[in-house]
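Written below as structure tokens is the structure these notes are about.
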Amino acid sequence: MPSPDHHPQPRWWQRGVVYQIYPRSFLDADGDGIGDLAGIRRGLRHVQDLGVDAIWLSPIYPSPMADFGYDIADHCAIDPMFGTLAEFDALVGEVHAAGLRLILDFVPNHTSDRHPWFLESRRSRTSPKRDWYIWRDPAADGGPPNNWTSDMGGSAWEWDEATGQYYLHAFLREQPDLNWRNPAVRAAMLGVLEFWLARGVDGFRIDVLWHCFKADGLPDNPPNPDYRPALGEKFKVLQHHSANQPEVLDLAAEMRRLAEATGDTLLVGEVCLPVPELMRYYGTDQAPGVHLPFNFQLLDTPWEPRALGEMIEAYEAALPPGAWPNWVIGSHDAPRIAGRLGEAQARVAMMLLLTLRGTPTLYQGDELAIGKVAIPPDRIRDPQDLRQPGLGLGRDGARTPMPWDGSANAGFSSVEPWLPLNDDWRVRNVARQAADPTSMLALTRALLALRRARPALALGDFALAYVDAQVLAFTRTRGGERLGVALNLSGRDAPCPLDGRLLLSTCGPDRPAGRLRADEGVILALDES
């Protein structure tokens with residue numbers, strides 16, 4: 001597919017690679033077992049050395065931490081466990097001095113039940129902020145107003161004894177949903193964006209954007225005919241009326257206008273929907289939406305060449321004219337890629353992520369190939385796991401602390417971290433891998449350096465070149481540069497369908513001519529001897 005030409009020069013985020021930092025687990029500078037802003041500043045050299053272009057911070061706002069920062073009690077401040085606004089300002093300055101950009105999480109669907117807005121809304125039915133949230137009388141039988149389910153399990157409605165009504169929460173009961181149909185809510189939340197833009201922020205990742213509006217009248221959702229308990233309670237019904245309403249596209253367009261008016265600000269929308277619906281969040285020429293509706297398909301597609309090839313081509317074909325693709329293989333909500341595929345194929349997955357057309361997001365720790373981390377029952381912290389035990393929905397394993405070196409607590413903290421470290425932290429850490437030219441960290445740095453040096457990898461056209469039961473291959477072309485990527489997704493040797501000069505291999509340079517070794521990915525300069 002051709003690269004867009006609607007901008008004279010590519011935007012920074014079209015060339016760039018985003019690195020997600022989960023602040024609680026990056027680096028603890030004050031010795032409480034939890035990462036903080038000072039730790040991010042201390043670890044910034046690692047991010048800079050990787051060769052990425054921007055960092056995205058998961059929430060750092062004041063919060064009771066019922067959902068570890070996604071229950072916000074003040075959108076325009078920093079939680080003391082992470083630091084202060086002054087430290088945040090210092091971080092912004094250091095990030096920019098390092099040639100990087102800073103992206104913040106923006107959580108518009110809900111607040112904490114400790115937020116001053118909700119405390120006032122809950123005070124009485126006549127409160128001036130009552131309509132800032134979604135309150136309803138009980139159903140005729142005295143139960144919840146409708147059959148909507150929470151994504152964390154159970155009903156999406158919580159009874160408030162003091163005022164005799166239910167309030168809506170798409171997630172935890174400690175996370176009441178805002179009423180985006182209220183113009184005062186809209187103005188207040190857009191003011192939050194303006195607050196952080198004035199402090200030098202370069203973009204926002206918009207949490208659960210597709211949830212922000214609910215259908216008028218709040219009708220029952222239809223039952224899910226394919227529901228089974230192992231899926232989790234949120235799938236009992238289809239979210240036809242509780243999410244993905246037309247009005248959210250108008251909101252995305254309004255956020256886009258604000259972003260464009262304040263500079264080259266990136267908007268990334270978390271939108272967990274099928275591809276045809278996802279594409280709507282790019283907006284139209286008349287009303288552009290977010291720049292990048294997050295594309296999570298590499299997390300869900302079977303790790304098999306034909307399935308991946310079909311998915312990539314279908315996604316490329318679905319993009320509206322001028323829309324820019326994006327890719328993710330890991331996040332704070334998804335099992336680790338090395339835990340899913342093993343380290344050998346995690347190396348191949350990293351090559352795929354960093355050579356597909358579009359903006360990649362790299363999650364902290366995946367550059368070390370941290371695998372599956374077992375969380376003992378007494379150390380589980382994720383409310384999703386605690387509310388629905390035994391279903392494998394826990395996210396703690398993706399949020400374990402970064403291992404920095406072989407010292408006590410892996411150099412992450414001077415005390416025991418808030419979550420367990422990966423079991424192999426003594427050998428799988430930043431310092432150890434930085435000294436090993438064959439490590440996953442070395443491979444990630446080499447991939448990012450090659451992507452920066454070769455415009456075809458960052459901005460070139462994409463074409464699927466070959467696929468069979470073992471191998472996926474494609475080309476990237478820009479101007480006179482033509483590169484090939486061939487990935488062996490199996491544990492057996494295979495013929496290489498592309499011929500060219502080897503630029504990089506996931507298995508090292510000693511590659512047999514015309515072959516791909518087991519679990520090997522290669523980048524080739526085509527038409528070069």
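Values quoted throughout were computed directly from the atomic coordinates according to the rules given, and no laboratory measurement underlies them. Everything quoted here is computed from the prediction, not taken from an experiment. Ideal geometry is used to build each Cβ from the backbone, glycine not excepted, and the neighbour counts take in all protein chains shown.
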**Q.** Cross-link partners of residue 236 among aspartates and glutamates (Cα-Cα below 14 Å; sequence separation of 8 or more within a chain)
**A.** 151, 220, 226
Q: With a ≥ b ≥ c taken as the square roots of the eigenvalues of the C-alpha gyration tensor of region 190-330, please select rounded if a/c is under 1.5 and otherwise prolate if a/b is larger than b/c or oblate if it is not?
A: oblate
Q) Most exposed first by the Cβ proxy, i.e. fewest other Cβ within 10 Å, how do 76, 496 rank? A) 76, 496
(Q) If packing is taken as the average count of other Cβ atoms within 10 Å, what order do 351-362, 180-191, 43-54 fall into, highest mean first? (A) 351-362, 43-54, 180-191
Q: Kindly write out, for region 221-228 in residue order, the coupling ³J(HN,Hα) from the Karplus curve 6.51 cos²θ - 1.76 cosθ + 1.60 (θ = phi - 60°), rounded to whole Hz, with x marking Gly and Pro.
A: 7, x, x, 8, x, 9, 5, 9
Q. Measuring from centroid to centroid over Cα atoms, what is the spacing of region 111-175 and region 73-93 in Å?
A. 29 Å
Q: Give me the percent of Cα-Cα pairs in region 297-383 that sit more than 19 Å apart, rounded to a whole number.
A: 44 percent
Q | Separation between Cα centres of region 469-521 and region 234-309, rounded to whole Å | A | 32 Å
**Q.** Among [x] 108, 56, 45; [y] 74, 59, 46; [z] 77, 52, 47, the entry that matches Cα extents along the principal axes in Å as calculated here
**A.** [z]
Q. Using the 10 angstrom Cβ neighbour count as an exposure proxy, how do 194, 313 rank, fewest first?
A. 194, 313
Q: Name the lysines eligible as straight-distance cross-link partners of residue 214: C-alpha to C-alpha under 17 Å, and not fewer than 8 places from it in the same chain.
A: 234
Q: Would you mind computing the Rg to Rh ratio of region 406-473 from its alpha-carbon coordinates, Kirkwood style for Rh?
A: 1.18
Q: Obtain the radius of gyration and the Kirkwood radius of region 360-490 from its C-alpha atoms and give Rg over Rh.
A: 1.09
(Q) Looking only at the chain, where both bridge partners belong to it, what percent of the DSSP beta bridges are antiparallel (to the nearest 5)? (A) 60 percent
Q) Sorted from fewest to most neighbouring beta carbons within 10 Å, what does the list 129, 214, 372 look like? A) 372, 129, 214
(Q) Residue by residue through region 348-358, what is 3J(HN,Hα) from phi via Karplus (6.51 cos²θ - 1.76 cosθ + 1.60, θ = phi - 60°)? Round to whole Hz and write x for glycine and proline. (A) 5, 5, 5, 5, 4, 4, 8, 10, 5, 5, x
Q) Cα centroids of region 30-59 and region 188-221: how far apart, whole angstrom? A) 25 Å
